[in-house]
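**Q** Once you've had a glance at the structure underneath, I'll fire off some questions.
The values are calculated or read from the model by the stated rules, or taken from the named source; none is laboratory data. Everything numeric in this text was worked out from a predicted model, so none of it was measured. With ideal geometry, Cβ positions are generated from the backbone for all residues, glycine too; neighbour counts draw on all protein chains shown.
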Amino acid sequence: MTPGPTSVANALMDRATERPTFAGTFASLVQYRELIKNLVLKDLKLKYRGSVLGFMWSLINPIVMITVYSVAFTFILRTRVEGFVLFVFLGILPWGFFVSSANMSTGAIIDNGSLMKSVAFPRAILPVSVVLFNLAQYMLTVTVILPVMLLVYRVPPSPQILMYPVFLALQLLFTIGVALLLSAGTAFFRDIRHLLEIALSILFWLTPIVYPIAHVSSGAQTVVLLSPLSPFIVAYQKIFYYRTWPELDVWILATAYALVTFCAGVWVFLSVEDALAEQL
């Protein structure tokens with residue numbers, strides 16, 4: 001039996017537009033998980049294609065940054081923090097994961113205009129795949145360098161390490177929310193790309209990456225801890241460097257930032273999803 005015009009139209013319909021809800025978005029992401037995986041793998045292959053060192057470049061960049069900050073703060077600014085290289089490492093890597101995801105997400109929609117106009121799929125896949133691509137790089141780097149760092153600085157295993165995947169999951173939710181907001185916003189306002197560079201530069205120094213939050217004056221500690229990335233990075237420092245449990249305020253802030261930003265990102269993206277193609 002030959003399908004009629006109605007059945008053909010239904011087959012070609014973008015299913016994402018039928019479910020403009022939170023539940024529908026999750027269902028769509030699960031349904032298109034193979035597409036997400038292929039986009040992540042494609043980006044990984046393109047990143048290292050034709051490179052002599054390949055994945056080693058993902059290790060070299062954070063190592064160079066850690067070395068520069070360690071030399072500057074240890075020998076020039078005379079910062080006396082025992083195991084300072086490990087301390088900086090615990091902040092630089094998650095910071096790099098967030099920054100790369102944020103920067104790449106600004107082009108997730110506007111740089112894929114031809115794909116969006118030719119293929120029907122949930123548009124949220126594009127910023128989500130960008131975040132997962134950077135997460136894959138982050139996890140590969142952590143898997144290689146972190147055990148070496150812990151061995152060099154003689155950090156014994158502790159039960160607090162079990163909290164690392166929890167805070168990483170919270171940071172992932174937070175980063176996806178930011179990526180959804182930035183990708184949708186940049187489609188309407190291209191200046192967001194330039195404003196983001198300024199915002200990230202300020203945010204870096206408001207986040208306790210190259211200085212312990214305990215070294216900040218008591219009045220400024222609240223401001224620093226309220227910086228969006230601070231609760232996650234402070235948690236990693238507590239877990240691996242201080243080998244203590246993150247305080248309740250760190251838990252509350254990390255969870256609040258993750259859930260609120262993620263929900264806001266999904267809501268905003270769904271609100272403008274139908275108009276994204278018109279902006280390209």
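**Q** Can Thr143 be described as of a type in the set (Ser, Thr, Tyr), assigned to a helix (DSSP H, G or I) and modelled with pLDDT of 90 or more? Talk me through it step by step, then tell me what you get.
**A** Numbers: of a type in the set (Ser, Thr, Tyr): yes; assigned to a helix (DSSP H, G or I): yes; modelled with pLDDT of 90 or more: no.
The answer is no for Thr143.
**Q** Right, another one. Scan segment 259-280 and report the pairs whose first residue is hydroxyl-bearing (Ser, Thr, Tyr) and whose second residue is modelled with pLDDT of 85 or more, with Cβ atoms within less than 8 Å and a gap of 6+ or a chain change.
**A** Close Cβ pairs satisfying both conditions: Thr261/Leu173; Thr261/Phe174; Thr261/Gly177; Thr261/Val178; Thr261/Leu181; Thr261/Pro228.
**Q** Shifting gears a bit: For Ser105, indicate whether it is within 22 Å of Ile202 (Cα to Cα), among the hydroxyl-bearing types (Ser, Thr, Tyr) and under 20 Å from the mean Cα position of the chain (by Cα). I'd like the intermediate steps shown before the answer.
**A** On the way: within 22 Å of Ile202 (Cα to Cα): yes; among the hydroxyl-bearing types (Ser, Thr, Tyr): yes; under 20 Å from the mean Cα position of the chain (by Cα): yes.
Yes, satisfied.
**Q** Give Gly113, Gly107, Gly91 a once-over and let me know the one that is assigned to a helix (DSSP H, G or I), in contact (Cβ under 8 Å) with a residue 40 or more places away in the chain and surrounded by fewer than 19 Cβ atoms within 10 Å (Cβ to Cβ). Step through it out loud before you land on a result.
**A** Details: Gly107 fails: assigned to a helix (DSSP H, G or I); Gly91 fails: surrounded by fewer than 19 Cβ atoms within 10 Å (Cβ to Cβ).
The match here is Gly113.
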